[in-house]
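Okay, structure first, notes after.
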Amino acid sequence: MDDPFLVDGRVDVARIMDRVRERIGARRERVLAAGGLDEAVRMRLHDLADEADIDPELLARLLSPGAGWNISIDYRVQTHRRGLSRRLVLLLKALVRPVVRLYTDQVLSRQAQLNAYLVHVCRRLLGDLIRLEASESALRARCDRLERRLEALEGSREAAP
């Protein structure tokens, strides 16, 4: 029985890698064909987060619908102190808050908009990238099939007198 990965008794690593790439491409195509672009994006985001050592809970919040993960202008005034000093600190913070918010609200609002925009852009670009990779994989597979057919035709032409 012929082993397609053996050439002259040696393992052909290039053939093995081509086969692995074909299987990965086929898997991507199945996911995309099943309408799973969102799932493919989610999987890729998880892979990237793992590579970057991002907290999985943060990624889950980023992927959740809505913007509950984003910064908020209406932050809660709180303190870790207890007793009378707690009340005094909260009172002072409440008195100072309107003045501080004059300077911080616009900056925080802009940052929240920028954060939401960048998350949207990243998701969109990642979806486009996955679609392009699937298309490229399909084109590469088609090109390989055509090259093999061409080689077979050239080989049969050379064999014929």
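Is it true that some residue in the stretch 82-93 is in a helix (DSSP H, G or I), within 30 Å of Ala26 (Cβ to Cβ) and not aliphatic (A, V, I, L, M)?
If we filter the stretch 82-93 for residues that are in a helix (DSSP H, G or I), which is where we start, we get 84-93.
If we keep only those that are within 30 Å of Ala26 (Cβ to Cβ) too, we end up with none.
Checking the stretch 82-93: not a single residue is in a helix (DSSP H, G or I), within 30 Å of Ala26 (Cβ to Cβ) and not aliphatic (A, V, I, L, M).
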(message) Which pairs turn up if I take residues in the stretch 10-25 that are at positive phi and look for partners that are of a type outside the set (Gly, Ala, Ser) and surrounded by 14 or more Cβ atoms within 10 Å (Cβ to Cβ) with beta carbon separation below 7 Å, at least 6 apart in sequence or on another chain?
(response) none
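How many residues are part of a helix (DSSP H, G or I) and either at pLDDT 85 or above or of a type in the set (A, V, I, L, M) (or both) when one looks only at the stretch 58-81?
Of the residues in the stretch 58-81, the ones part of a helix (DSSP H, G or I) are 58-63.
The next check asks that each one be either at pLDDT 85 or above or of a type in the set (A, V, I, L, M) (or both); those that pass are 58-60, 62-63.
Looking only at that region, the number is 5.
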(message) Show the residue pairs meeting these rules: Cβ distance below 7 Å; 6+ apart or different chains; first residue within the stretch 50-72 and on the phi < 0 side of the Ramachandran plot and surrounded by 10 or more Cβ atoms within 10 Å (Cβ to Cβ); second residue assigned to a loop (DSSP other than H, G, I, E, B) and of a type outside the set (Gly, Ala, Ser).
(response) Arg61/Trp69; Leu62/Trp69
(message) So for the stretch 34-47 (the condition being of a type in the set (Val, Ile, Thr), modelled with pLDDT of 80 or more and outside any loop (DSSP other than H, G, I, E, B)), does at least one residue qualify?
(response) yes
(message) within 18 Å of the chain's Cα centre (by Cα), among the hydrophobic types (A, V, I, L, M, F, W, C) and within 30 Å of Ala138 (Cβ to Cβ): is that true of Ala60 in this structure?
(response) no
(request) Among the residues of the stretch 88-107, count how many are surrounded by 11 or more Cβ atoms within 10 Å (Cβ to Cβ) and over 37 Å from the mean Cα position of the chain (by Cα). (result) 8
(message) Out of everything in the stretch 108-121 that is without any contact (Cβ under 8 Å) to a residue 24 or more places away in the chain and surrounded by 11 or more Cβ atoms within 10 Å (Cβ to Cβ), what residue ends up being farthest from Gly25 (Cα to Cα)?
(response) Gln113
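Filter the stretch 108-152 for residues that are of a type in the set (Asp, Glu) and farther than 25 Å from Leu63 by Cα; which is nearest to the chain's Cα centre (by Cα)? Full working, then the answer.
Let us first name the residues in the stretch 108-152 that are of a type in the set (Asp, Glu), namely 128, 133, 136, 144, 147, 151.
Add one more test, that the residue is farther than 25 Å from Leu63 by Cα, and what stays is 136, 144, 147, 151.
Numbers: Glu136: 18, Asp144: 28, Glu147: 33, Glu151: 39 Å.
Across the stretch 108-152, the extreme among qualifying residues is Glu136.
The values are calculated or read from the model by the stated rules, or taken from the named source; none is laboratory data. Note that the structure is a prediction, hence the values are computed from the model and not measured. All Cβ positions, glycine included, derive from the backbone under ideal geometry; neighbour counts span all protein chains shown.
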